[in-house]
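Encoded as C-alpha cells, the structure appears first; notes follow it.
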Amino acid sequence: MQNIYDSAEKLYQDVTNERNFYRHQSLIITGSNAIGKTQLIKDVLKKSLSESPTTFYYIDPKNRIMKSRNNNAPAKKLSEMSTIEILEHRLLDGVFTVSDEFTQQNLGGAVAYDELLNNTEKYNKMYQRFFGISVEKDTIANEILPLQIILVNGKTNLENISSSEAAKMRILMEIDYAVNCGVKAIIIDEFDAYFSEESILNFVEKLSENYSHIRFIYVIHSLSVLVSIEDIDIALISDFDREKVKENLVNFYDANNIEKIGQIEKIRNMMTNIQHEDEKWWEECVALIVDEKQLNKDQMQKIKTTDRSKLKAKEKILYDFIVRNLKKNESLLT
C-alpha cells in the first residue's frame, strides 16, 4: 500500500523498467470521485516529460470528438506532430481535462477529421477489425465547390454518429498514432465514459490482442467492469482526504482475483459507501464459492428462483458471478 505520490513513481518505474504493475502489464485506476485519480495520472505524466518524454502518451477525457463544428483545416496534420508536444500541451492548465486539443491551434476534432479524410482506407480496415464499423469518402453538392464528407457504415454522415461510436474511433486513432511513434504506455482517462460494460470489455480485449507490447493504463469507474474484466491489474485509491489528496492510499490487485469477497467489499464501500442486507446475502454466497465451499439447499433454491431483472445493479454483478461459477464447477452444487 502506497500513497499517490509514491504510486506515481511506482507506475513510472514499472513501465520504464518493464516490470508488471502487480501481476500484469496493464492497469485500471479506480476509486470514487475527487479522490486522486487525476493527480496520480498527472504526476506520472509530468515525471515522464522530465525524464523520458517519449515513453507515455495521454488521451484526455475530452479527446472523444471526430469532427469539429467549424472543422477548419488544422495548422498541422497528426503525422506532423510529436507525442512530446501533444503531451506537453495536454498537461497545461486550462487544457488538461478541460479542452479537446492536440497542440495550440490544433483542435481535436479538426485534426481527427483531417486525419480520417487523408487516410480513409487505413482507418476503414482498422475500424472494421475492431468495431465492425466502415468509413468511406463521399462528395455532396455545395454552392461553391463539392464538399467531401465521411460516411459511416455507408449511410451516416460522420457528423451524426453517436457519441459512443465517435469515442471509439477517436481513441483508436490516437492509440494507433502513439504506437507508431514508439511509446511504451498509453493512459486513457475516463475510459468508460461513453461505453457499455460489454463495449469496454470487448475494446480492452481487442487492444490487448492487437497491441500486446503496449502498456495500457485505463481510468474506469464502472464496478461491473472491475468485477468482470480479466488479465489486468487494478489500482484502487482509498482513504479519501480532500485536503491531502496525495496522501490517499493506493492498493494494487490482480483483476483475476478481484471477485474475492473482501475486495468486492472494499471496492463497493469506496465507490458507493452503501451496504444493503440483500447485497450481503449475495456476497456471502460469493465468499463460499471463492473458498470452494458448497452452498446449502436454501441458498441454491434462492439462486435458482431469483428473477435477475429485479435485482439491483450490484446484486446482478454478484448473481452473475455465482451462476457463472456454478455452471463451471458442478461440485459446488449440493
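Every read-out reported here was derived from the displayed coordinates using simple, explicitly stated rules and does not represent laboratory data. Remember, it's a predicted structure, so these values are computed and weren't measured experimentally. Counting neighbours? That spans all protein chains shown, and the Cβs are built from the backbone with ideal geometry, glycine included.
The slack between Lys137 and Asn119, meaning 0.36 nm per residue of separation minus the straight C-alpha distance, is 5.5 nm. When the label point is put 7 Å from the Cα of Gln128 along its Cα-to-beta-carbon vector, which residues of region 143-180 have a backbone N closer than 13 Å? Only 153-154 fall inside the zone, counting backbone N under 13 Å. Of Lys46, Lys302, Lys67, the residue with the greatest mean-square motion in the GNM of the chain, using alpha carbon springs below 10 Å, is Lys302.
With a simple spin-label model that places each label point 7 Å from the Cα along the Cα-to-Cβ direction, the separation between Ser99 and Thr305 comes to 6.2 nm. Size descriptors for region 98-191 (Cα atoms only): Rg and Dmax, in that order, 14.2, 47 Å.
The label point for Leu145 and the one for Ala287, both projected 7 Å from the Cα toward the Cβ, are 7.0 nm apart.
Using alpha carbons only, how many degrees (0 to 90, rounded to 10) separate the axis of helix 108-118 from the longest principal axis of the chain? With both axes taken from Cα atoms, the answer is about 70 degrees. Partner lysines whose Cα lies under 30 Å from the Cα of Lys155, excluding those fewer than 8 positions away in the same chain, are identified as Lys62, Lys67, Lys76, Lys77, Lys122, Lys125, Lys137, Lys168, Lys206.
When the Gaussian network model of the chain links Cα atoms closer than 10 Å, the mean-square fluctuations of Thr306, Thr97, Thr83 top out at Thr306. Under 16 Å of direct C-alpha separation, and excluding same-chain neighbours fewer than eight residues apart, Lys304 reaches these lysines: Lys316, Lys327, Lys328.
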